[in-house]
Each structure stands twice: as structure tokens, then as C-alpha cells.
1. Below 8 Å between Cα atoms, with a sequence gap of 6+, how large is the relative contact order for the chain in percent?
2. Residues of the chain: accessible area per residue at 1.4 Å, in Å²?
3. Taking 0.36 nm per residue of separation and subtracting the Cα-Cα distance, what length does fully extending residue 315 through residue 102 add?
4. Amide H neighbours of residue 55 under 5 Å, counting only residues 5+ apart in sequence or on other chains, H built in-plane at 1.01 Å?
5. When Lys and Arg each count +1 and Asp and Glu each count -1, what net charge do the other residues less than 12 Å away from residue 343, Cβ to Cβ, add up to?
6. As a test of reading the structure, rank 68, 102, 42, 344 by solvent-accessible area (1.4 Å probe, protein chains only), most first.
7. Of 159/197; 134/308; 138/159; 119/308; 155/197; 134/198, which pairs sit farther than 19 Å apart, going by alpha carbon to alpha carbon?
8. Can you tell me which aspartates and glutamates have their Cα less than 20 Å from the Cα of residue 42? Leave out same-chain residues fewer than eight positions away.
Amino acid sequence: MRPLATAVLGAVLTLPAGAVQAQTTLFVGGSGGATETLMKEKIIPAFEARTGAKVTYVPGNSTDILAKIQAQKGKQEISLAIIDDGPMYQAVGQGLCAPVEKAGPVNDLYDGARMVGDKSVGIAFIATGLGYNKDIFKRNGWAPPTSWKDLENPKYKGKIVIPPITNGYGLLTLVMQARVNGGGEANIEPGFETMIKKVAPNVLAWEPSPGKMAQMMQTGEAPLVVWGNGRVQSVADQGAPVEFVYPREGAPVIMVAACVTDGAPQPRLGQQFLQHIVSPEVQAQMAQVLAWGPVSKKAQIAPDVARKVVYGPQQVAALVAPDYGIINAKRAEWTQRWNRAVEK
């Protein structure tokens, strides 16, 4: 028996029969770090107080959580999975998600947060673009970056840091290089050609660690990066002279998404918690603390927060929506080619 299930079963067996309902536990899987802290300190306590349920948060990156619910198909322990939209499309395609109940705050979402199949929804908008160290740029007499084409400029040789293709930001860099060079998801060849011949020679590191990326931006070791607006903002909030840029060709959206797992042990609570995290109040908290753009049309945030996140119908409409139907079908093939020819 799996460790988590063993612990839960052991707890249940020690309770009087009448106490089992009172000890109902909802397992939620999602990312660690600041997200886990906010969940445990604010979002979960408010839900527990309102419902009387117990929520246990299981931290892990999107790949970890997806792997958990894949391994537990038909015998789920996690009732609500919170992962990035790319892996979420995989989860839905594999029959791991239950239909989203169309009631309450879910009805107030932007259309862009309503994911194909109605078995998951976006809970936050994150823009993928360019981050740069203003001091290093000023010292070198460089104008601020404005375009995905800037990654090709040889003056940035050894100055650029991009996450690998196994990270959403690296994957979307490939997609955008394809798009701005005459291709796209259905014709990725221009993207690979540009990455191999023009971008890769400028790359100092293909960095998967957010902590390391932040450090490299702060010190100026990485004057130019491809990253999310919230990630760059968190570095700026620590006092570093960094700024996020929405490239003129568009910033592809990475949505943090959520779904109630198919066969969830607590399906009702899972649906309720999903409604909770897309409520205007929680959306405002996530914008304030995590720099996540609200998916709720009714979320109200302060002007100083709004400047840091994707906010409002105009900014939401300007986001580039990647075609994950094509991407996920080609992801393994692209990853092998990237590892062989780009990141070598």
C-alpha cells in the first residue's frame, strides 16, 4: 500500500465511527515555495474555516504532480491537482480529470482560462517574455530588449540564460522563435534552425532552477533571460535592478491550471476548493503575493499590484495562446532534438 494511503487509512481506523466525517481530508497537489506558503498560511485556512474540512497540501512541480496522478489513475489520493497548462492538457487527454462544475466563481472566468474539454480551468495568467538587468544594460550602452529577435543578437553572446525545453519557458522560447521566423507549432523547423544557429551561441546556461536564475539576474551574470513576469517581479521586489518586457510579437501565456481528478476520493470538496481558488478574494491574494494574473473578471487589485501582473481584459486578450494539442503530440520528439542539437 502506498505511504500516503497507509497514513490516511491508519488515521481513519483509529477514529470512532462517528468521527470519520468530521476528519474528512482533502489532498491538494501543487507547487512548493511561495505558492505552498500562501496556500498553507492564507488560502487553506480560510477554506477549512468555511467548510470544516481538513486540507493537506502535497508540494511538487508540475511534472511531479502529473506523475503522481498518472501513477494513481483509478485509485487517486490527490483530489485536486494544480499544475501548468501544458501538463494539464496531457492530464485531461489521459482521462485523469473530471468535468468542472459550472457554478459559482468559475462562471466569472475570462474565456482564455476555460480550457479545452471543460475538465480543467486556468487559475492564474503568467506572461512569458524577457527579463533584463537594467544596470548591466546601461553599463554596456544597450537599449532595453523589445523583441524575441533580440535573443539572436551576437552582442549578447554568453549573456543570455534560458530554461531548458523540459521547462515551460524553454519550450515556449522554441515556439516563439518558430512563430517570429515564419513557422509555428505546426512548422517548428524555423524555430529549431534559429535556436541552433543564432540563439544557442549566445546562451550562457540552460538553467532549470528558479533560485539560480534569480541569483544570476541579481548579480548581472545573466543580463538577459527568458522567464515569467511573476518570476522577474519577485527578483525586482528583492531590490535588484531588473525589469520584465512583453515582447512586441506577443508574450505566450503559461496558465497555472487546476482540475479535480477523475475518481477523486473527495470530489465534492475538490470542486469546492477549485471554486475557492478562483474566487475574486483568493485571486487578489495570489496577485498580491505571487504576481499571478487573475483569471476572474471580478478580481479587484490595487494599482501597484496591477502594474506587476497580467490584469484586465486588454492585457489578457494580448496574450499568445500556445497550441498544446500540437505541442504535446510533438513534445517528446522536440525534447530529443533539443537535447541533441540545441542544448549540447
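1. Rounded, it is 24 percent for the chain.
2. On a per-residue basis, the chain sits at 44 Å².
3. Roughly 74.2 nm would be gained on extension.
4. Correct list: 26.
5. Combined, the nearby Lys, Arg, Asp and Glu give +2.
6. Result of the area sort, largest leading: 344, 102, 42, 68.
7. With Cα atoms farther than 19 Å apart: 119/308; 134/198.
8. Counting by Cα, and skipping residues close in sequence, residue 42 has these aspartates and glutamates nearby: 281.
The values are calculated or read from the model by the stated rules, or taken from the named source; none is laboratory data. Source: prediction; values computed, not measured. Here Cβ is always computed from backbone atoms with ideal geometry, including for glycine, and neighbour counts include all displayed protein chains. Ligands, DNA and RNA are excluded from the accessible area calculation, which covers all protein heavy atoms including side chains. Shrake-Rupley method; radii C 1.70, N 1.55, O 1.52, S 1.80 Å.
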